[in-house]
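Written below as structure tokens is the structure these notes are about.
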Amino acid sequence: MIGIYGGTFDPVHYGHLRPAIDVYTELGLSEVRLIPAGVPAHRDLPVASPEQRFQMLLMAIDKVAGLSIDDREIQRDGPSYMIDTIRSLQAEFANEKFCLIVGMDAFIGFESWREWKSIVELVNIVITYRPNFDINSIAESELKKYIHGAQTKNKDEFLASPAGHCYFCPVTQLDISATKIRALVKKENKLNFLLPDVVIAYLQQNQIYQ
Ligand code: ATP
């Protein structure tokens, strides 16, 4: 099963990379594909260009087993809808199963994603969460009904099914966000240990976020 990990990655940081590795390992996925959005559908335009965000991802995952990058969203015109990405991946890898990896913060707003019900019919969902997260804090909604029907704690069952299941995966908690990193660059503060050194050097060389 291939993991799909979308985001703006403006820039990529350890709060993306460590959870990606955690999910890869916990579920024994064949790979996790990091897919930078070209034009994000649900938020403001990124600051760095698609090419810069892709380049930073390339450098960040260089030689890291299990992680790969996919440029289909930045090659596509128009807003980057996950449903289009999933259909495109399924057309390309007809014999593969997929799971979409989403942080709990992003999953809370999942009902606003284009064709979200089609997404959960086409792939499984991995929700990364904080260990003390209480599922009862999600308001009664179509999304909650989906969780009740789809949730499994059985990894084998999850991995055997092509779609229709969701799995809550605990990941390393790193309080890092791209927003915080962009703010630190503006204040000329140090970025060490928040993101890979090669990415820090790239930001400096190209004067991004200054
Ligand atoms: P920004 O601060 O610009 O909003 P971000 O750091 O939240 O960006 P995104 O590219 O928007 O990063 O996030 C992509 C995915 O990574 C989302 O599913 C999000 O939940 C997850 N994610 C981002 N930061 C973390 C983190 N520190 N720990 C776990 N998951 C994270």
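The values are calculated or read from the model by the stated rules, or taken from the named source; none is laboratory data. The shown structure was predicted, so the numbers you read here are calculated from the model rather than taken from an experiment. Note that we place each Cβ from the backbone using ideal geometry, even for glycine, and neighbour counts take in every protein chain shown.
In region 87-111, what count of residues is obtained for those that are within 16 Å of the ligand (Cβ to nearest atom) and more than 15 Å from E31 (Cα to Cα)? So that I can check it myself, show each step before the final result.
First pass over region 87-111, keeping only residues within 16 Å of the ligand (Cβ to nearest atom): 98-111.
Retained after the next criterion (residues that are more than 15 Å from E31 (Cα to Cα)): 102-111.
So the answer is 10.
Pairing each residue of region 4-20 that is modelled with pLDDT of 95 or more with any residue that is aromatic (F, W, Y) and within 6 Å of the ligand (Cβ to nearest atom), provided the two are 6+ apart or on different chains, yields C-beta distances under 7 Å for H16/F9. Tell me, please, whether a residue that is of a type in the set (D, E, K, R) and under 19 Å from V126 (Cβ atoms) can be found in region 12-23. Scanning region 12-23 turns up at least one residue that is of a type in the set (D, E, K, R) and under 19 Å from V126 (Cβ atoms).
Count, please, the residues in region 125-142 that happen to be hydrophobic (A, V, I, L, M, F, W, C) and crowded, with 17+ Cβ neighbours inside 10 Å. Write out each step before concluding.
Let us first name the residues in region 125-142 that are hydrophobic (A, V, I, L, M, F, W, C), namely 125-127, 133, 135, 138-139.
Applying the additional criterion that residues be crowded, with 17+ Cβ neighbours inside 10 Å yields 125-127.
Of the residues in region 125-142, 3 are hydrophobic (A, V, I, L, M, F, W, C) and crowded, with 17+ Cβ neighbours inside 10 Å.
Of the residues D62, D44, D71, the single one that is out of contact with any helix residue (DSSP H, G or I) (no Cβ under 8 Å at 6 or more places or on another chain), acidic (D, E) and surrounded by fewer than 16 Cβ atoms within 10 Å (Cβ to Cβ) is D44. Identification of helices (runs of 4 or more DSSP H) wholly contained in region 112-210 with 2 or more residues that are away from the ligand (no atom under 16 Å from the Cβ), modelled with pLDDT under 95 and not hydrophobic (A, V, I, L, M, F, W, C) yields 142-150.
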